[in-house]
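K.L.:
Structure provided below as structure tokens; questions to follow.
The values are calculated or read from the model by the stated rules, or taken from the named source; none is laboratory data. Just so you know, these numbers come straight off a predicted model, no measurement behind them. Note that we place each Cβ from the backbone using ideal geometry, even for glycine, and neighbour counts take in every protein chain shown.
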Amino acid sequence: MAADLHLKSSKQAKYNISYRKIVYHRFFVGLLLFIVLSLVFTVVFNAFSGSAPRSDFYERVNLEAVNLPVQKVDGDSPFSAPRFVNCTYWNCFNVYKCGRGGHDKISIYIYPLQDYRTENGKAVSHFSREFFEILETIKHSKYYTPNPDEACLLVPSIDTLNQKAFSSQHISQVLGSLKHWNNGENHLIFNMVAGSEPNYNTVIDLNTSSAIIAGAGFDTWTFRYGFDISLPLYSPLAYEIDNTQPKQKDYLIISSQTNVPSDYLAELQGIASSSNDLLLLDRCKNDINDYTKRCEYTTGKIFDYPEVLKNGLFCLVVRSARLIQSVLMDVLASQCIPIIIADTIVMPFNSHIDWNRIAIFIPEDNIKNLLKIVHSVSNERRGELYWQLRWVYERYFASIEKITMTTLEILNEKVFPLSARIYEDWNMPEHLYGPVNPLFLPVTAPKAPGFTAVILTYDRVESLFTLIRKLVRTPSLAKILVVWNNQKLQPPPASEWPVINKPLKVIRTKANKLSNRFFPYDDIETECQLTIDDDIIMLTPDELEFGFDVWREFPDRIVGFPSRLHVWDNVTSSWKYHSEWTNQISMVLTGAAFHHKIWSWYYTYKMPAEIRRWVDDNFNCEDIAMNFLVANVTRKAPIKVTPRKKFKCPECTNTEMLSADAKHMSQRSACIDKFTKIYGHMALKSVEFRADPLQYRETGSGIPHLYPDIGAL
Amino acid sequence: MQAKKRYILLTLLCVVLLYFYFARHGMKSKRLDTNYRNNLPSFATIEELSESPSRLKRNPNSKSKACRMETCFNFENCGNDPKVYVYPTDGPVSATYRKVLSVIRESRYATRDPLEACLFVPAVDTLDADPLSSEHIADVASRLSRLPHWKNGRNHLIFNLYAGTWPDYSEGSLGFDPGEAILARASVSEALFREGFDISLPLFHKEHPERGGTPPSATANPFPASRHHLLAFKGKRYVHGIGSETRNSLWHLHDGSNLVLVTTCRHGKSWKDLRDERCDEDNKEYDKFDYEQLLANSTFCLVARGRRLGSYRFLEALASGCVPVLLSNGWRLPFDERIDWRRAVIWADERLLLQVPELVRSVPPERVLALRQQTQLLWEQYFSSIEKIVFTTIEIILERITMHRTSRHREALIWNTAPGALGTLANYGDSRAHLPLGVCAPDPPVAPSSPPILLPAPSVPLIAPPVTPGNTFTALLYVQATSPALHKLLANIASSEFCEKVVLVWDSERAAPSLKSLSRMAGDLRDPLPVTVVDATTHYPGGGVSARWQPLWAIPTAAVFSLDGDAPLLAEELDFAFRVWQQFPERIVGYPARNHYWDESKGAWGYSSKWGGSYSMVLPGAALVHRAALALYAAAAPALRLAVRRADNCEDILLNCLVAHLTRRPPLKLAQRRRYKTAHHRYKSSWSDPEHFVQRQSCLNTFAAAWGYMPLVRSVLRLDPILFKDPVSTLRKKYRKMELVTS
């Protein structure tokens, strides 16, 4: 029995083992298959993804190669042609090289690194950290391509950042010998320090032919507009400055530069000696080479640099040997408003960044009026400048990587103008200025096109038909759109619908969602749409016509009949929804409201998805969401039209009506709370007025009223 | 078991391989990266970055370089209010240039004294430098150099529309040497443009209106834009010569419905000799489409270069709300120094002509909506008349001058949004927060406070204007005699919740009352309301009725409640009006409404105080106005102010016209009150005096003529408090007494 048992168990064990084996086998085969498949997939993905087409045929440039091939530059090898002064994007840039491969972005090729040496073995240029970072940023950006034949821009990998650190003559020869040079066509040369003693040219002294120069310190003569790109002069010090700020700034104006030209310095000394508003700093006499210390000019009081900059409201950036100064970056990072004194300077990224939002410019002739000018800057402007500074700095200037990416983006926008971002995107942080109103033209909308009524309905056919019959009596109604939100029930056959003289269309939806009423249907051909519930049958044609006329005057707002208010509840510390008779309104319910069709489009495509999901899941609050959306974009309140009336007919006492429900109300309060959190602020605005016809409640003038039938309950 | 081991091994191997495959790149580069990077030297040492100049004084060395404002312009003669001097006309001048000169002469920039002028405009017609043109004026060069203040063109402004001639239409050949004069010219290319010095003009027709101009035609903003054609072009082509390639190849893109690009070679005398094989076919297609219809029915309009870079169709496209698609490589767009054309046009590339359809198709609909609105905005603000084009030119130059003196100019957004630069004063405030704009930005977070000012500034600093909309208003009373009504009004103002200050403009022969403050009602714990009395007869002698809005210096708020001394307004009405105005700071918000109408029988505008269903004016005898609008009123065209002074009347109509002209919106009438006069009123003659009425009628026509159009806009609505006359307990209502006011 025992043996039998044993046998059985061993049999079982054997069976188990073989079973396990099979499981193992299958598992490993599966795993192997998976691995192989994923390998194949990655290869295929790599090959077809846009970022690095055919990367397997061209090797990506290796920026860290240690043993570079040495290339001797012969003394008699040909020079590239000198810089073409009259280059524009249209005559020097070969646009046919761009957009190969069909994707709408530029592609950039980096020449392989080489160790260029002069005949006597000296390096032609030093490879600097910053240049390495520029190249590395390009290499890891979406614009990089390892294939020179499909490159739109080509970047020579010789460090040309500092005029003093390379030999112009030899680099001009190297450039001429580059494989794809072709007179510098579509080449991009980076430069930060241009010119040298005694002339201090404002552009790199190099035979760049028709290459684009991304350089710092251009003046308006050397900068080729729409072609070159003006860079900031990178400051390694600025990189270390954090974004904290003191509560109070101690100095109105700080001048911290050690290289202010002597005649300007004399003027500044004159100002500093007569006013405490200017803190004039210079090198400390006892330690001339310590760049982290600055001393007050007269008293010799020692300050730490760059920490002192945070203590100033305005900081001077004065031209010196060169037009652009690295102190500009220190000042920006310290959130001190720069005062720029450098005539004919071309500011960094001036084509896209509006420097008048960040800095104050004083002509060199006018230094004597420095204090007067600074005092005249209003508090509002000070605030605007101040808040802009750090945002701009962190977005465009904070590191070599940011500077490089901004350069590439500007070039990309030039070549592909459709990808260009507008002024607001470049210059106005949304957290300070809010979104841009898509309807900004100040007009009264034309009357002739009329409006489209969009009726959301489920199954209340009778009420719907009554509404349609009433609606068509409004003169400006252009069309009726019935959004049939019931998937289980067919809309009634055409023969049963009321006979009307306006076009009517029924749209059947795929799911019973409240958001369907705000879908921007192609059938809405007018600017204005009236969203209306199928049970709002108490509005007269005069009221609707007047509502439309009011909308025409305020085409970017929601204009409608039933209004509500949000109030702050101190007890629960939350927002509450209020539907009583109040003296204020902040929402107009979309049960009967006019609005521009663009808001439907915004609701469907641009509103935070979280809100739309909430609306569809809870089957509530679509109107609140719409009010939030419009108020958030326009920062304007909706407009209530005509006196309050009972919006639920007195004879309809059925309890299915959603609004009657107390739970419904608390849910709506929760909506307001939730939406406020999603937007990060209370977007709704409350107002104390409504719109009535001019002659409302006017009697005895003997003049017939334009909208006689208004305000009956 | 063996199999198991094998598999395990194999998998492990694969995993390791995979790991290396994926991680090799990232890991290695990251580790090496930081090391490698840190070992590299920085591009420049701090010494190199902060190099001091070797020479003491910079030497602009301007002679060899193109002109810049810093090198070729003399700022010395330009004070706080720079003036323009137009030389007296002698010699032939074309009709267009005559219009240019006349709008400058009649503008507020003009001066008759060359010695106080900052900018000079020669009366020598330089518009057309093409010797083959009938408008060409000969001998321009010598006439310019003979001008008494010419000095190689320094501080002169020269207008030019057509440069060069057949066959090469060279931009440089103006027929004279502009020297150091600022050139305002059309069709200028990037290569020749003196950056920050010259001004690029639009090319406009001979028939372009001198003033006024057609209002924007595309006021509708349907979304998505549903115009019949996507892209349109109808125009000449040249077959040969400069600028002909682009237009010659347009027929490739034509498809007859969506893309309508039709050209003709039927122009000039000898077109039949020059024609090519496509001409007949082209002409057939060309005759199928009407130019105006095309512009109105197309979303995008191709603006291809002609012989010169600019073309008339640029403005024509703008006017009809058709988004220009530029095919004119290197053209500097009109006023691009201040106008941000990225908001209104699309750049195509002549070299990539065949990609244009693809380009316009990929513009998203919301962008089209924005682009089209901007075309209308810009057309309206800067291009619809010669006056606007010339004023924009002058404003750009004047702004450079103020920038040089005070380091402030209008910010870019003012130029590119409503109401635009011509509708804001350059020296009014330095932030958009000071201006009456439709919407204000959200409140910024708190900035660190600025340092306490230790010593007074060396000279009196400019006082910044108040912030819009603010939380309080100033009551600006215009009083010609004391009356019980005035006392009642003052008492009402004193009990208003939002009134910060009262400014009483006393315009009477009798001595001004000495009033320092108004005491509050019993139980009101606030401090007495401060009052400033301004005696108009001594402060603004001869100012007439316009003096009522002169003392802006005394007004510390953006909201100004302009009141006649006897306006019977309740405190509630004052407060409600202010609450509404806060939402509409750009408009006039108030009680007494009037209307205008076109009188067919007289062929003139009529003025009406009848109680109809609409209105177009709200009289500032009891209305809130933005302080900046009053500042603009003071800077209105001299002809307008003269009309008011002569009539000693109509200042309220002028203010309404001015604000409507700027905002393009009607004013807002509140509640039911229509009368704002009690038995006493300031006009000696009776309110219903027909003569007074006729005078106002003629004012209205004068203003319409001066602007070239009727700026007033009608409205049919009024704004009431939410529960106004609703059947609900008055206890619930905030504005109770207002309901009792019936008319």
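K.L.:
Starting from segment A:522-540, take each residue that is without any contact (Cβ under 8 Å) to a residue 40 or more places away in the chain and list its partners that are part of a loop (DSSP other than H, G, I, E, B), counting only C-beta distances under 9 angstrom and pairs at least six apart or across chains.
P.N.:
Every condition considered, the pairs that remain are A:D522/B:P224.
K.L.:
Something else about it: Tell me, which strands (runs of 3 or more DSSP E) wholly within segment A:534-640 include 2 or more residues that are hydroxyl-bearing (S, T, Y) and in contact with an Asp or Glu (Cβ under 9 Å, 6 or more places away or on another chain)? Full working, then the answer.
P.N.:
On the way: elements: A:563-569, A:574-578, A:592-596.
Hits in segment A:534-640: none.
K.L.:
Residues A:I536, A:I598, A:I532: which one is of a type in the set (A, V, I, L, M), crowded, with 20+ Cβ neighbours inside 10 Å and within 13 Å of chain B (Cβ to nearest Cβ)? Spell out how you get there, then give the answer.
P.N.:
On the way: A:I536 fails: within 13 Å of chain B (Cβ to nearest Cβ); A:I532 fails: within 13 Å of chain B (Cβ to nearest Cβ).
Only one candidate qualifies: A:I598.
K.L.:
Of a type in the set (V, I, T), touching a strand residue (DSSP E or B) at 6+ places or on another chain (Cβ under 7 Å), under 28 Å from A:I410 (Cα atoms) and crowded, with 21+ Cβ neighbours inside 10 Å: is that true of A:V374 in this structure? Steps first, answer last, please.
P.N.:
Working: of a type in the set (V, I, T): yes; touching a strand residue (DSSP E or B) at 6+ places or on another chain (Cβ under 7 Å): yes; under 28 Å from A:I410 (Cα atoms): no; crowded, with 21+ Cβ neighbours inside 10 Å: yes.
No: the conditions fail for A:V374.
K.L.:
Which ones in segment B:89-136 are touching a residue at least 40 places away in the same chain (Cβ under 8 Å), outside any loop (DSSP other than H, G, I, E, B) and among the hydroxyl-bearing types (S, T, Y)?
P.N.:
Hits for segment B:89-136 are B:T96, B:Y97, B:S102.
K.L.:
Among what's in segment A:658-698 and is aromatic (F, W, Y) and within 14 Å of chain B (Cβ to nearest Cβ), pick the residue that is nearest to B:P666 (Cα to Cα). Steps first, answer last, please.
P.N.:
So the first thing to find is which residues in segment A:658-698 are aromatic (F, W, Y), and the list is A:675, A:679, A:689, A:696.
Still in the list and also within 14 Å of chain B (Cβ to nearest Cβ): A:679, A:689, A:696.
On the way: A:Y679: 33, A:F689: 17, A:Y696: 19 Å.
Result: A:F689.
K.L.:
Something else about it: Is it true that B:Q374 is in contact with a Gly (Cβ under 9 Å, 6 or more places away or on another chain), touching a residue at least 24 places away in the same chain (Cβ under 8 Å), within 11 Å of another protein chain (Cβ to nearest Cβ) and of a type outside the set (G, A, S)?
P.N.:
Details: in contact with a Gly (Cβ under 9 Å, 6 or more places away or on another chain): no; touching a residue at least 24 places away in the same chain (Cβ under 8 Å): yes; within 11 Å of another protein chain (Cβ to nearest Cβ): yes; of a type outside the set (G, A, S): yes.
Criteria not met by B:Q374.
K.L.:
Sticking with this one: Report, ordered by the first and then the second residue, all pairs with beta carbons closer than 8 Å, sequence separation of six or more or different chains, a first member in segment B:70-88 that is touching a residue at least 24 places away in the same chain (Cβ under 8 Å), and a second member that is in a loop (DSSP other than H, G, I, E, B) and among the polar types (S, T, N, Q).
P.N.:
B:C72/B:S62; B:F73/B:N155; B:N74/B:N155; B:N77/B:N155; B:N80/B:N427; B:V84/B:S107
Condition check ((1) touching a residue at least 24 places away in the same chain (Cβ under 8 Å); (2) among the aliphatic types (A, V, I, L, M)) across all residues:
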position: B:V694; (1), (2): no, yes
position: B:Q697; (1), (2): yes, no
position: B:T702; (1), (2): yes, no
position: B:P711; (1), (2): yes, no
position: B:R718; (1), (2): yes, no
position: B:V728; (1), (2): no, yes
position: B:L731; (1), (2): no, yes
position: B:R736; (1), (2): yes, no
position: B:V741; (1), (2): yes, yes
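K.L.:
Among the numbered criteria (1) more than 23 Å from B:Q373 (Cβ to Cβ); (2) touching a strand residue (DSSP E or B) at 6+ places or on another chain (Cβ under 9 Å), which single criterion is violated by A:L418?
P.N.:
It fails just one condition, (1).
K.L.:
Counting just the residues of segment B:689-743 that are part of a loop (DSSP other than H, G, I, E, B) and hydroxyl-bearing (S, T, Y), which one comes out farthest from B:Q582 (Cα to Cα)?
P.N.:
In the first step, residues of segment B:689-743 are kept if they are part of a loop (DSSP other than H, G, I, E, B); the result is B:689, B:708-714, B:716, B:722-729, B:733-736, B:741-743.
If we keep only those that are hydroxyl-bearing (S, T, Y) as well, we get B:709, B:729, B:735, B:742-743.
Working: B:Y709: 29, B:S729: 28, B:Y735: 17, B:T742: 25, B:S743: 24 Å.
Out of the qualifying residues, it is B:Y709.
K.L.:
Restricting to segment A:486-529, give me the number of residues that are surrounded by fewer than 18 Cβ atoms within 10 Å (Cβ to Cβ) and in a helix (DSSP H, G or I).
P.N.:
The total comes to 3.
K.L.:
In the list A:P261, A:P246, A:P236, A:P338, which residue meets the criterion of being facing another protein chain (nearest Cβ under 9 Å), more than 18 Å from B:E48 (Cα to Cα) and not charged (D, E, K, R)?
P.N.:
On the way: A:P261 fails: more than 18 Å from B:E48 (Cα to Cα); A:P236 fails: more than 18 Å from B:E48 (Cα to Cα); A:P338 fails: facing another protein chain (nearest Cβ under 9 Å).
Criteria check complete, one pass: A:P246.
K.L.:
I would also like to ask the following. Restricting to segment A:94-138, name every residue that is buried (at least 19 other Cβ atoms within 10 Å of the Cβ), at the interface with chain B (Cβ under 10 Å from one of its Cβ atoms) and either within 30 Å of B:E195 (Cα to Cα) or under 27 Å from the mean Cα position of the chain (by Cα) (or both).
P.N.:
A:C98, A:E133, A:I134, A:E136
K.L.:
Do you know which residues across segment B:485-514 are surrounded by 13 or more Cβ atoms within 10 Å (Cβ to Cβ) and either on the phi > 0 side of the Ramachandran plot or basic (K, R) (or both)? It would help to see each step written out before you state the result.
P.N.:
If we filter segment B:485-514 for residues that are surrounded by 13 or more Cβ atoms within 10 Å (Cβ to Cβ), which is where we start, we get B:485-486, B:488-508, B:512-513.
Across segment B:485-514, the qualifying residues are B:K488, B:K501.
K.L.:
While we're looking at this one, here's another question. Report, by residue number, each residue of segment A:205-221 that is within 13 Å of chain B (Cβ to nearest Cβ) and either out of contact with any strand residue (DSSP E or B) (no Cβ under 9 Å at 6 or more places or on another chain) or of a type outside the set (S, T, N, Q) (or both). It would help to see each step written out before you state the result.
P.N.:
First, the residues of segment A:205-221 that are within 13 Å of chain B (Cβ to nearest Cβ): A:215-221.
Those that are within 13 Å of chain B (Cβ to nearest Cβ) and either out of contact with any strand residue (DSSP E or B) (no Cβ under 9 Å at 6 or more places or on another chain) or of a type outside the set (S, T, N, Q) (or both): A:G215, A:A216, A:G217, A:F218, A:D219, A:W221.
K.L.:
Working only within segment B:402-415, note down all residues that are surrounded by fewer than 23 Cβ atoms within 10 Å (Cβ to Cβ) and farther than 20 Å from B:A634 by Cβ. First the steps, then the outcome.
P.N.:
Within segment B:402-415, the first condition is being surrounded by fewer than 23 Cβ atoms within 10 Å (Cβ to Cβ), and the residues that meet it are B:402-406, B:411-414.
Result: B:M403, B:H404, B:R405, B:E411, B:A412, B:L413.
K.L.:
Limited to segment A:80-126, what total is found for residues that are at pLDDT below 90, part of a loop (DSSP other than H, G, I, E, B) and hydrophobic (A, V, I, L, M, F, W, C)?
P.N.:
Here the count works out to 1.
K.L.:
Got a number for residues in segment B:43-53 being surrounded by fewer than 18 Cβ atoms within 10 Å (Cβ to Cβ), facing chain A (nearest Cβ under 7 Å) and not in a helix (DSSP H, G or I)?
P.N.:
Total satisfying the criteria: 1.
K.L.:
Let me ask you something else. If the Cβ limit is 7 Å and pairs must be 6+ apart or interchain, which residue in segment B:147-161 that is of a type in the set (D, E, K, R) pairs with which residue that is assigned to a helix (DSSP H, G or I)?
P.N.:
Close Cβ pairs (under 7 Å, with a partner that is assigned to a helix (DSSP H, G or I)) amount to B:R154/B:C72.
This table checks each residue for (1) basic (K, R); (2) assigned to a helix (DSSP H, G or I); (3) within 12 Å of chain B (Cβ to nearest Cβ); (4) under 16 Å from the mean Cα position of the chain (by Cα).
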site: A:D343; (1), (2), (3), (4): no, no, yes, no
site: A:M347; (1), (2), (3), (4): no, no, no, no
site: A:R381; (1), (2), (3), (4): yes, yes, yes, no
site: A:T404; (1), (2), (3), (4): no, yes, no, no
site: A:E409; (1), (2), (3), (4): no, yes, no, yes
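K.L.:
Take segment B:200-224 and flag every residue that is crowded, with 20+ Cβ neighbours inside 10 Å and more than 20 Å from B:S94 (Cβ to Cβ).
P.N.:
The answer is B:S200, B:P216, B:A218, B:N221, B:P222, B:F223.
K.L.:
Taking segment B:174-212 as the region of interest, how many residues are in contact with a Gly (Cβ under 9 Å, 6 or more places away or on another chain), within 14 Å of another protein chain (Cβ to nearest Cβ) and among the hydrophobic types (A, V, I, L, M, F, W, C)?
P.N.:
3
K.L.:
While we're looking at this one, here's another question. If you go through segment A:430-485, how many residues are away from chain B (no Cβ under 14 Å), assigned to a helix (DSSP H, G or I) and hydroxyl-bearing (S, T, Y)?
P.N.:
Looking only at that region, the number is 2.
K.L.:
OK, next. Scan segment B:213-233 for residues that are in a loop (DSSP other than H, G, I, E, B), more than 11 Å from every other protein chain (Cβ to nearest Cβ) and over 23 Å from the mean Cα position of the chain (by Cα) and jot them down. Walk me through it before giving the result.
P.N.:
We begin by selecting, within segment B:213-233, every residue in a loop (DSSP other than H, G, I, E, B); these are B:213-228.
Subset that is more than 11 Å from every other protein chain (Cβ to nearest Cβ): B:213-214, B:227-228.
Listed by number, the residues that qualify are B:R227, B:H228.
K.L.:
Residues B:G330, B:G321: which one is in contact with a Ser or Thr (Cβ under 7 Å, 6 or more places away or on another chain), under 30 Å from B:A705 (Cα atoms) and of a type in the set (G, A, S)?
P.N.:
None of the others qualify; the one that does is B:G321.
K.L.:
Which of the residues belonging to segment A:275-302 are facing chain B (nearest Cβ under 7 Å) and either without any contact (Cβ under 8 Å) to a residue 40 or more places away in the chain or aromatic (F, W, Y) (or both)?
P.N.:
A:N276, A:Y291
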